[in-house]
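Written below as structure tokens is the structure these notes are about.
The values are calculated or read from the model by the stated rules, or taken from the named source; none is laboratory data. Small disclaimer: the values here were computed from a predicted structure and weren't measured. Here the Cβ positions follow ideal geometry from the backbone for every residue, glycine too, while neighbour counts run over all protein chains shown.
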Amino acid sequence: MKIALPVWNDRIAPVFDVAGPVQIVDIEAGRIVSRHQRVLAGELPFQKALELAELGVRVLICGAISRPLLAMVRGYGIQVIAFVGGNLEAVVRGWIQGRLESDDFYMPGCRGRGARRLRASHGAYKEGFGMNGKNRCGRGQGGGRGQGQGRGQGQGRGGRRPGPGGACVCPKCGHQQPHQQGIPCMDLTCPSCGTAMTRQ
């Protein structure tokens, strides 16, 4: 199985969207068969996702990742384990030993139920998870400015997109359909190709 890990100074890059080099590690029966480093050529999210798929990557282990890019990577059937931090070699060993759920591998400030649920979901990213959700790496959801520290109990701006406008778009085939209020686009699959939808 091939896993991909974005690298920065021998550590997991803090944000995959702007990461440069990616370490590709092929693991079979708990042993590293091969590994090499590659710089993803594409700058746009769909280009990064496509290149990972063309490399045969099955699992992406990364730090923070934006919703659109996460949806596109998942659309190619790649499992995403996000909000991971630490030394590259330690993370690879942690993956082989099944220890990535340990608090040792959480990004600073990302320990809590949100990050754990994101990992346990094997990429089932729900709207409101991630960098802007409660008990996670952001200000929190809800209406206001929140109270920092990931609590997010305010009544003004929040992590969710307001209103019913916009569209749900398939990152793979381009199919579009109106966004339905209360139903996250990431929870829908494209009727044409079955790929997870993303919000436009």
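Quick check on Ala90: is it surrounded by 22 or more Cβ atoms within 10 Å (Cβ to Cβ), outside the structural domain of Met186 (by TED's automatic domain parsing), hydrophobic (A, V, I, L, M, F, W, C) and assigned to a helix (DSSP H, G or I)?
no
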Would you confirm, using the coordinates I've provided, whether Val59 is touching a Leu at 6+ places or on another chain (Cβ under 6 Å), closer than 13 Å to Ile3 by Cα and assigned to a strand (DSSP E or B)? no
Please verify whether segment 26-44 includes one or more residues that are outside the structural domain of Pro184 (by TED's automatic domain parsing), under 28 Å from Thr198 (Cα atoms) and touching a Phe, Trp or Tyr at 6+ places or on another chain (Cβ under 9 Å). no
For segment 18-34, pairs from a residue that is over 15 Å from Val91 (Cβ atoms) to a residue that is part of a loop (DSSP other than H, G, I, E, B) and of a type outside the set (Gly, Ala, Ser), with Cβ under 9 Å and 6 or more apart or across chains, are Gly20/Leu40; Asp26/Met1; Glu28/Met1; Gly30/Gln97
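Just for strands (runs of 3 or more DSSP E) wholly inside segment 1-55: which have at least 2 residues that are over 18 Å from Ile81 (Cα atoms) and modelled with pLDDT of 90 or more?
Answer list for segment 1-55: 31-39.
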Being surrounded by 12 or more Cβ atoms within 10 Å (Cβ to Cβ) and under 22 Å from Ala71 (Cβ atoms) is the filter here, so list the residues in segment 25-55 that pass it. Leu40, Gly42, Pro45, Phe46, Gln47, Lys48, Ala49, Leu50, Glu51, Leu52, Ala53, Leu55
Output yes when any residue across segment 80-103 is under 21 Å from Cys170 (Cβ atoms), without any contact (Cβ under 8 Å) to a residue 12 or more places away in the chain and more than 16 Å from the chain's Cα centre (by Cα), and no when none is. no
